Each structure stands twice: as structure tokens, then as C-alpha cells.
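The structure under discussion appears below in the form of C-alpha cells.
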Amino acid sequence: MNKSLNGKVFKFGDDIDTGQIIPGKYVVLTDPDELASHVFEDIAPEFKSKVELGDIIVAGKNFGTGSSREHAPKAIKFSGISAVIAKSFARIFYRNAINIGLFAITLPQVDEFKENDQITINLNEGKVINHTQGKEYEFELPHKVMLDIFAEGGIIPFTKKELNLK
Amino acid sequence: MGSNLMKKIFAKKLGREVKVEEIIYIEPDLVMTHDHQGPMTIREFENIGADSLWNPDKVIFVMDHRTPSQTLVAVENHQKLRKFAKKYGVTKFFDVGEGVCHDLVAEKALVRPEMVYIATDSHTVTEGALGLFATGVGSSEMASIFATGRVWLKIPETIKVTLKGTLQKGVYGKDIALRLLEIIKTGGADYKVLEFGGPGASSVSVASRMSLCNMCLEMGAKTAIFPVDNVTVEYYKEKGVGVQELYPDEDGEYISEIIVDLDQLEPLIAFPFSPDNVRSVSQLGDDVYELNQSVIGTCTGARYEDLKVAADILKGRQVKSGTRMLIVPATKDLMLRCTQEGIIETFLKAGAMVNVPCCGPCGAYGMGVVAEDESTITTGSRNFVARMGAPGAHIYLSNAATAAASAIEGKLTDPRKYL
Amino acid sequence: MGDFILKGKVWKFGDNISTDHILPSRYMTHVEPHELAANCMKGTDPDFFSKIQPGDIIVAGENIGYGSSREQAPQAIKCAQIGAVVAKSFARIFYRNCYNVGLPAINAPDFVLDVNQGDLIEINYTQGGITNLTTGKKYEFIKPPDFLVEYIELGGLIPYLEKQLKK
Amino acid sequence: MGMTVTEKIIANKANLSQVKPGQIVQAPVDFAFFHDNNAPIAIRQFSRLPNASVWDSSKVMFVLDHHSPSTTLRAAQHHQNIRDFAKKHNIKVSEVGRGVSHPVVAEEGYARPGRIILGTDSHTVGLGTFGALATGIGSTEMAAVLATGSIWLQVPETVKIWLDGKLGPNITPKDVALFLLKNFGPSFLNYAAVEIAGPLVDSLNVEERMAITIMCLEMGVKNAIMPVDEKILKYINGTQKTEKIFEADEDAVYASVVNFDVSSLEPIVATPGLPTNGVEVSQVVGIEINQATLGSCSGAFLHDLEAAAEILKGRKVHPGVRFVVVPNSSRAVEKAARSGIISTLVEAGAIFSSPACGTCGGYEVGVLAPDETCISTTTRNMDGRMGPGGLIYLASARTVAASAVMGKITDPRKLGGGI
């Protein structure tokens, strides 16, 4: 398992819904790279050209509200984003994120983060370090059930392993 | 401390009591995927490499989002799902034109009280109206359930919603939902269960309960649930199915209680661009909100009760010139009933379009798309930016009576004057 | 103005190439030139646009443009910078549409019979002559009326009308 | 020298005592319509003309029928542009859901004897049923017509087709059309006018006649024209005195005169590739289908719905088949709803959509996946017309309905009943 995730911050507001992450018309697609090419197309068209591997989204409350489309976290992950930090998540989005290997952290102090801050998420210690601002935050690690799934890279490899063991 | 409805359902399934915050593994009684999430589900299932489904009899496929076969990619997806269903023995396959998934599983009595029902649609919570635990998951997770027959669930906290009084004329489950959204706000019930009950519940029909539970998703709820009372028993009796009543214990475990007085409830409208941006029709005053389109459709407002009241309002009247009206019944059997009862004819005479049962207009899936600066009222559940087309288009959410009355006047209108 | 001369490589098609072959219905909401160009001939040769050079010429058999009145069909050809369409015969509306968008549509059955895919040809539109530069053979077609030559020179019916209205 | 009907109309309009084939004349236009597929370009081109105004807005109509009800955002934006333009120039709009241009123009009474009618749709030739010269043109040319009210026309040669005899049970006007196409091929009648008359034409109602004239386009004709009789006058609410009715002179010169007796006509099916690929149904029975489609300007009139309902009454659509029904006018749907036809179709399992061109060009309804096969009452079956790789057989509503029931191409006479 990746012990730490490093990248620069992309900031988003409250109630970012799955339709804003990946518009409904692309939900007919299944290829993750194709999905990534349309991520945030309506609300932040410049996002996909700026994002680099490992970067981290920091958002407000209720991130990923709306539909159950897994296309949303997939589009984010395959754009290069390694984790999403938010004040709160919509339930299915959170599950979907863990299930496809996109790390998701709930943190109340997201307002202190600025666009382009360089940050590190330390998964072993449950810490977020903001290098730009010289601040450190603690977060509660997800339940073991989720960490196990995440450690395998998502629920598909996890299930694969589980079934092979049987 | 006694049990709430959700705990009773899990206790029965697991043969032991469950605690809040506990993580359990459970075999769902029924699962469903549709043509929107299905293609990714079967793709991931094939990635797992399992050679069979854990139990094909418990799997439902519904073609409802991109129908009838509306783009090339959509039809190719339908074709893939048909082939997959055939290969793995999924016989509960509802093809193009049968209707919207949440309505179909209820109409065909596939979902029953006390079940655990998991589906790849956020509005799966709709089925909680019938006294079961219903919630949505994503495609990969469904692929994993297909292979293993189990899912992990964290036992959530429950908020009690007590309904008192009686639903008034022109007021429906949709309005209870909008009232709750006004109180709780979007995301305000994240991960929680909303359990309905109280003396007013008996005045709320199954159709209204379904719209209400459905929209609890917009508050972030993991699920919403009604007791299995006389209303539910009668609903199943009409389908020739006997079910047992189920109520929570008097001292059930709740983190809070919200009381909604149905006597005071009016028809409500959610204004752009959030379902919790709610105003009542009587607050409109002299403000005029003109409409280019009115939609009666989707899983939150195209059931018999909705179409019937819309027809009563539109009978002998005309949709305002300059306003388009689109009616999309939730299922084919419902469409048939409405044609036989003259309801469809009433719509057509009023100048409305009637379309094939599907999710269609809810998310701009191939019909009723609105352009920049246009305004539409809809019985759908979401009015996010660009949900029905252009980012600048205004979407108002309401019950079917309000949508029908507003179509006649070409602007947001209190339906009660037509009833 | 001098003679209107076109020179390009031949892309050969068969009989009854319909408007659905030229621009399938599913692209019909497109109005931007680059979108129309990219989908030119998509119904019969999906890679067509990636293979052609500006000035190339479409040669077809009987009844090209059969089917719908969609002007997007000749527009797509025009936007793809095809110089002309030469055929044994044309469907009526397509023929009219070609001129209206400023694309020469030439009836030359004898030439079509002889020509091969990839031949380099030169058309003197004003005088009604085609030379197959690959084989050296020459062909004639009925000299177009002056007003159609003017359509082509100006770029179609609208610029033609503009000029007329200004008079 | 005598003149044909088409020659007489042109001569009259151009203020000439005599015209002959090949001659180019300038003629005033009586009525012009645009649809949503071609209007956007026409509007754009019109705006390029300096200071242009619409020559006579009472003689112009927009019809929103190809992408109805607003199937994509782009379509919605086109519709909005069209509505804005129409409002600005005081032009009537036939809204989404009203129906396909040709039946709508007919129903609204714009197609009248002696008129020159232009549409930005190739199948405009069908309005020649009313003794008018009706033909299709492109968008740019329509922009010019809009500004000038005038068009140059080359006088076509006329071919006369005389239809004798009576149709047998389960044989329909669509079979006659497919039979004519099979005989003449895709380009034999290029640029020609056809006059179609005879006892068979007299026996058909107005819409049945349109089913034939509309399909004539697929033989390349410039226009098709039928005699004006009491049925036509009644349909348009006209009289012998008020209408400009032309008859051919006894010594009119025809390029050729062809006689057919339809008494022994078999059901005709056009095999994939071209509408002129007609064969007798016996040669293709048994070919399995994935979709059956009732739709388009020529194949979804009330009489088509009635014919399909007659076959489907008490029967079910085959489980492997999607039966997509898209009527061509809202008036037809209203009548069909009243007489129980819609109930019959929906009960049999039809997928029912609001009036539009829809299925005919795979416009977001009835799209085929590669390798899928469809039998359809629509106008065209070129490769990829309903999606790349999909195969389309064209046939009558009766043959399509019978095939939908059996899941394979079927002779409608096998299922009994019928006229």
C-alpha cells in the first residue's frame, strides 16, 4: 500500500455533484481514460490540462452528491488525482472512491487549503501535511474493511484475491 | 433500548442484534443494475474473472436510462447487457420500453418487505417505501456482489420523521420530501436512515411514499424506510401477495426526531439550482416565472396517482402555447392502464406529448432537453446546473399537479385552483 | 475572370451513394464546418477524411446524393475541401445543393467509366473539359451555364445573391 | 401542344401560356417549410444576406420534427434559435410533438391544388397528392426563397403511372409504393415528374395516397402528382370553385405511360441497401429480426396504426423483438387513443413514442447496434441509416406487425384477419 500521497491542491466548493464531475451524456462510456478526458468538463474545463499525476482535490461539503455513477470517481482517478479531501462526501461516491482505489478523506479544515498548495497525505499516521502553509492536520483513517479494499487497489482486485483464496 | 425498522430487518436476516456503527457482511435478497451502470458493472465483473453469478435468480437488469435505443453507444450497451444476461442466466431482464427500474421492481412485486435490496442507482432508496432496506452502490461493488453474493454495510444512525395530520388536496409525497429538504438540506442526512411513521402516514399512498423515500437520497440518506402498515399490506394484496405488518418498537433507537404537520403542508417548488431551495406555491405572490416546458415523468412523479391528477387538471384545458408538455409514464403497464382509462387521450387533447416509459427527461437522457435561458418544471428529483441540458437552463421541481397546472398557464402555478 | 481550373487526386465510389453514405443522420445536428468535414463520407468510408488532401476529387457512378435533401451532405464534401464531384448522374436535390454551396457537380459518364482510384486529373470547369493526367486521356462535359460558373466562382448561392441584391 | 398537370402548374405560376420540358423558368412560391434538421443552416445563410426580410411570413412554417422532443442539448439549442428567428419574423412554428412536416402541412391545409410548395425535406414530393407541385430543396436555396419568394425551376418531363385493380387482403398502399420503386429503380425517374392516377388511387383515402407519393422520391422524382377529387377537396375544406385544379390536356406529351394492375400484388419487402430493392415477401420470410418499427412520414399514419393494431389484437410482440411505434402526427395519436388502437398496441408490447421522424434516420430512437436487423415502415434502408452495421428491411405496417409477432419476417396473410 502507498504510504503517502503527494501533489498539489485543486480546490472545489460545496455540493459538487456527479453530473458536474462527469456529465450524464458520457455515462454510456466505460473506458476509464475516455471518462477522464471529460472530467469536470462543464464546471472546470481547464482542470484536465493542469492536473498532474498524484494531485489532490480539496472540496467542501457533500462532494459527489447525486447519482450512483462510478464513472465520477473513475474519471477523477484516471485524470491523475490520487485522493480527494472534503468536508463531507455523498455516501455512494465515498464507497465508489474506495472501491476503485481513489483515496477519500473527511477533514473539517479544508477551507484553510489554497489552490496549488503542495501537500502530502500520510496514510500510516493519518496525517495531512500542507508544505506550502507549513501546517499539519490529523484525520481518522477509514475502517479496516475499507483500508483492506483500498490496499488491494479496489474492490475488483480485492474480490479476485478473495475468490482465489477460496 | 428497542429496535428501529432497519435494525429489525438486519436482526432477522443475521439472526442477531446489530449495533450502530458496526460493519456487517450480508447477502442481498435482490440486486439490480440498469443500462447506465450495467455496462461498467459487467466490464468489472469480467475483470474479476468469476465464471458464474452467485445467484442469477436474485439479479435484475433494467434497460431504462438510454431508451428506446437512442444512440449507437447506447444500443451497443443494451446488446452487451442482453448477451451477458443470456450467458449468465439472468431471466429478470426488463428490456427497452418496460419502464423505470424503481417502479418496475415495485409494480412486479419483486421487492418485498424486510428484504435487503441493493442496486446501482442512487434512487434505490425509493423501495424503502415498502418496508425494506434498499440502498445504492457503484458498478465495481455490484460486480463484486455478482461474484461473491455479499456486501459490507455500516449500520447507520436513524432519524425519526413523524408525520401528523392528513395530506391535503393537491399535496403529495413530493411535497413532504421538499419540506424535509428545506429542513435537513442536501447532504444534511449523510449516511443516516430516515424512518417514517406517525399518525399521518396512513394518508400517504405508496406512490407518494416512493417519491418521498426517493428524494431522501438528495439529503444524503443511506436509505429511507416506511413501516409495513395497512397501506402496504393493501398494496401487495392487490398484487396477490400476502405480507406481514412491521413496525418499530415504541422505544426504538433514534438520534433525532423531525415532525412534519401534513395539515399545514402546501404544494412546494424547488427553485434552481438545488432541491433544497424550496418555496411554497402560495409564496409566489405576483412574481411570474414563465416556463418553456413542463415534464411529468421520472421515478419521482410519473405513477398512477400523478398521471391521474394531471389528467383531472388538464381535462378540457389546453397547454399554453409556447410551453411544451412532456409526459413519460413510469412503466408500460401504467401506460396501458392510462390509455384504457382515457387519461392518455386527455393529455393528447390538451396538447401534451406522451412518450415511452423511461428515465428520459430526468437527466437529459434523450428527451426534453432544455436550451440556455429556457425554464422547465419537472416532477423529477434533481435540478442541479445542466441536469436537463444547458447550464443556464432553469429547472423547477414540483409534484405532478403543480406541473400540470403550470403547463396550462405557462408559468409556475398553484394547482389547487384547478382541483 | 479566367477559366476555373481544378486539379486533384480521384477517390472513386460506386452507384447510388446516398446522402446517408455521405453524411449519416446521426451527425445532422452538426453545423460547424470542421465537424461536417470530419464526418464526410462516414457512412461508406469511415476514414475518408483522414486520407484526403485539399483539392481531391470525388468520382461516383449513377445517382450520387440519392436520398435526403440535407444540404449538410454537399457541405461536408465542400468543408473537407474536395474540389468537385464528378459522376455518371446526380440525384436532383443533391445536384442543386452542390451548386448552392459552391461545389462543382459534373456529369461525365464516359470519364467515370475510364478513371481509376488515385488517378490525378485536371478539370477546366468553365470550358467543360477533363484531362486524366495519369493516363493522358481527355474528356468533355456539357459546358455549364454562366450563372452556375458564377455560383462556383463566388462560392455558392448566397454570395451570388448578395452580389445580385447589391446591384 | 398539350401540357401535363405539372407543366400547367409551372406555366400558370410563371405567367406563360406554354412551357416544355428542359425549359428553365422563374416561379413564385406559394408555401415553404423548414424542419429542424435543415433550418439552422438556412437561418445562418439568410442572415448573410444584407438587409433581407422574409418575403411573406404567412406562407412559411417551421416544423420541429427530426429531433423531437429536444433529444440533445444541441437539438434544444437549434430549436431555440428557430423559435427566436420565427418570433422575430412572425413565422408559425409547428412545435415538437406535433408531428412530421408532410402530414402536418397537409393537416394544416397548406397543401392545395395548383400551388408550388417547397420544403427543406426530400419527401416534400408527397404533398403532390393534393394536386400541387411539391418538391424538396436544400437549406441555402431555402434561405434565398425566404428572401425572394421565388425559385428557378427546370420544367421536368412527365411520366404517367396508371394504377388499376383492387388491393387484396393485407396488401397496402405501402406495398404499392415499394412495388413501384422495385420497378423503376433508384434513378430511372431522376428529375422527372410522375402523374399517378387510376381506379386504385381513387379508391384510397388521402393519407393512403400520401404513403405512395412520399415514397416516389426514392425513385429520384422531382415531384409526384395525383388528381384532385372530392376526397381531396373535403380534406382541405375546399371546393371545385375555390381551388386551382389542373387536369392534363388530352394531347399532353408524356415521356412514357406505364400501366399496372395491382390486383395480384403480393406484400413487398425492400431488402437492405436501397428502398428499390423490393422482393415478394415469400423470398425473405424467416429472417430473424431484433426490431420492428412503425414510423416516418410515409409509414406511421392513422391507417398504419390501425393496420398494425388489427394484426396485433390479442397477440404479443415476440420476446426478442423491440416494436417501436412513432406516429407521424399528434392528430393521428389522438384518434388512435380514442378508438383503443394505442391500448391494443401497448398491450401487445409496443414501445410508444411521441410523433417525430425518430426511427426513420435513427434520430435518438430506434437506433440499431451492429449486426442487428430491423423491419420498418420508414422511408429508407441505406447502410447505416439506423446505425452502422444495422440491416433495415422496408415493408408495410401489416408485414412489420406480423413480423414483430413472429420475431422474423412474416407474410401478414399468415396471421389472418385483415381487410
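The values are calculated or read from the model by the stated rules, or taken from the named source; none is laboratory data. It should be emphasised that the depicted structure is a prediction, and the values quoted were computed from it without experimental measurement. Here Cβ is always computed from backbone atoms with ideal geometry, including for glycine, and neighbour counts include all displayed protein chains. These accessible areas exclude ligands, DNA and RNA; they are computed on the full protein's heavy atoms, side chains included. Shrake-Rupley method; radii C 1.70, N 1.55, O 1.52, S 1.80 Å.
Details
- For the residues C:Leu103, C:Leu133, the requirement of being closer than 23 Å to C:Arg92 by Cα and either within 14 Å of chain D (Cβ to nearest Cβ) or modelled with pLDDT of 90 or more (or both) singles out C:Leu103.
- Filtered residues of the range A:19-47 (kept if more than 8 Å from chain B (Cβ to nearest Cβ) and of a type in the set (Ser, Thr, Tyr)): A:Tyr26, A:Ser37
- Residue that is surrounded by the most Cβ atoms within 10 Å (Cβ to Cβ), among those in the range D:380-393 that are more than 15 Å from B:Glu76 (Cα to Cα) and within 9 Å of chain C (Cβ to nearest Cβ): D:Arg385
- Some residue of the range B:339-360 being in contact with a His (Cβ under 9 Å, 6 or more places away or on another chain), within 12 Å of chain D (Cβ to nearest Cβ) and either basic (Lys, Arg) or open to solvent by less than 20 Å² (accessible area, probe 1.4 Å) (or both): yes
- Members of the range B:80-102 found to be surrounded by 24 or more Cβ atoms within 10 Å (Cβ to Cβ) and within 11 Å of chain D (Cβ to nearest Cβ), listed by number: B:Val96, B:Gly97, B:Glu98, B:Gly99
- Contacts under 8 angstrom Cβ, first residue in the range D:319-335 being in the same structural domain as D:Gly407 (by TED's automatic domain parsing) and in a helix (DSSP H, G or I), partner open to solvent by 20 Å² or more (accessible area, probe 1.4 Å) and among the basic types (Lys, Arg), 6 or more apart: D:Ser330/D:Arg98; D:Glu334/B:Lys349
- Enumeration of residues in the range C:112-154 that are on the phi > 0 side of the Ramachandran plot, within 17 Å of the chain's Cα centre (by Cα) and exposed (fewer than 14 other Cβ atoms within 10 Å of the Cβ): C:Gly118
- The residues in the range B:25-41 that are more than 22 Å from the chain's Cα centre (by Cα) and modelled with pLDDT of 95 or more can be counted, and the count is 2.
- Residue count for the range C:9-61, restricted to those that are at positive phi and either among the hydrophobic types (A, V, I, L, M, F, W, C) or not in a loop (DSSP other than H, G, I, E, B) (or both): 1
- The range A:39-106 holds helices (runs of 4 or more DSSP H) entirely within its bounds, and those carrying 2 or more residues that are of a type outside the set (Val, Ile, Thr) and surrounded by fewer than 24 Cβ atoms within 10 Å (Cβ to Cβ) map to A:47-50, A:71-78.
- Residue within the range B:65-79 that is assigned to a helix (DSSP H, G or I), at negative phi and either more than 10 Å from every other protein chain (Cβ to nearest Cβ) or of a type in the set (Phe, Trp, Tyr) (or both) present: no
- Looking across D:Leu178, D:Leu200, D:Leu204, D:Leu189, one residue alone is surrounded by 23 or more Cβ atoms within 10 Å (Cβ to Cβ) and within 16 Å of the chain's Cα centre (by Cα). It is D:Leu178.
- Strands (runs of 3 or more DSSP E) completely within the range D:214-276 that count 3 or more residues being touching a residue at least 24 places away in the same chain (Cβ under 8 Å) and either open to solvent by 30 Å² or more (accessible area, probe 1.4 Å) or under 19 Å from D:Arg115 (Cα atoms) (or both): D:223-225, D:256-261
- Entry remark, the range D:319-335: residues being at the interface with another protein chain (Cβ under 9 Å from one of its Cβ atoms), under 13 Å from B:Leu348 (Cβ atoms) and open to solvent by less than 10 Å² (accessible area, probe 1.4 Å) number 1 in total.
- In the range D:64-90, residue surrounded by the most Cβ atoms within 10 Å (Cβ to Cβ) [restricted to those that are away from every other protein chain (no Cβ under 13 Å) and in contact with a helix residue (DSSP H, G or I) (Cβ under 9 Å, 6 or more places away or on another chain)]: D:Phe85
- For the range B:246-281, the set of residues classified as of a type in the set (D, E, K, R) and open to solvent by 60 Å² or more (accessible area, probe 1.4 Å) consists of B:Glu250, B:Asp251, B:Glu257, B:Asp263, B:Arg279, listed by residue number.
- Given (1) touching a Lys or Arg at 6+ places or on another chain (Cβ under 9 Å); (2) closer than 23 Å to D:Arg44 by Cβ; (3) crowded, with 21+ Cβ neighbours inside 10 Å; (4) not charged (D, E, K, R), index of the condition C:Gln72 fails: (1)
- Condition met for B:Gly366 (part of a loop (DSSP other than H, G, I, E, B), away from chain D (no Cβ under 14 Å) and crowded, with 22+ Cβ neighbours inside 10 Å): no
- Failed item in (1) surrounded by 21 or more Cβ atoms within 10 Å (Cβ to Cβ); (2) modelled with pLDDT of 95 or more; (3) more than 13 Å from the chain's Cα centre (by Cα), with C:Gly83 passing the rest: (3)
- Single residue of A:Val84, A:Val27 found to be within 30 Å of B:Ile118 (Cβ to Cβ) and at pLDDT 95 or above: A:Val84
- If you go through the range D:331-384 and pick out every residue that is under 24 Å from D:Thr72 (Cβ atoms) and of a type in the set (Lys, Arg), you end up with 1.
- Selection of the range D:351-375 for residues being over 25 Å from D:Gly389 (Cβ atoms) and either at pLDDT below 95 or facing another protein chain (nearest Cβ under 7 Å) (or both) yields D:Phe352, D:Ser354.
- Candidate set: the range B:161-201, residues that are of a type in the set (D, E, K, R) and open to solvent by 20 Å² or more (accessible area, probe 1.4 Å); chosen: the one farthest from B:Val231 (Cα to Cα): B:Lys185
- Flag if D:Ala106 is surrounded by fewer than 20 Cβ atoms within 10 Å (Cβ to Cβ), small (Gly, Ala, Ser), in contact with a helix residue (DSSP H, G or I) (Cβ under 7 Å, 6 or more places away or on another chain) and away from chain B (no Cβ under 14 Å): no
- The one condition from (1) at pLDDT 95 or above; (2) of a type in the set (S, T, N, Q); (3) within 14 Å of the chain's Cα centre (by Cα) that B:Ser122 does not meet is (1).
- Qualifying residue in the range B:381-393 (condition: open to solvent by less than 20 Å² (accessible area, probe 1.4 Å), within 22 Å of B:Asp312 (Cβ to Cβ) and in the same structural domain as B:Leu314 (by TED's automatic domain parsing)): no
- Complete set of residues in the range B:39-61 that are assigned to a helix (DSSP H, G or I) and either among the acidic types (Asp, Glu) or open to solvent by less than 40 Å² (accessible area, probe 1.4 Å) (or both): B:Pro39, B:Met40, B:Thr41, B:Ile42, B:Glu44, B:Phe45, B:Glu46, B:Ile48, B:Pro56, B:Asp57
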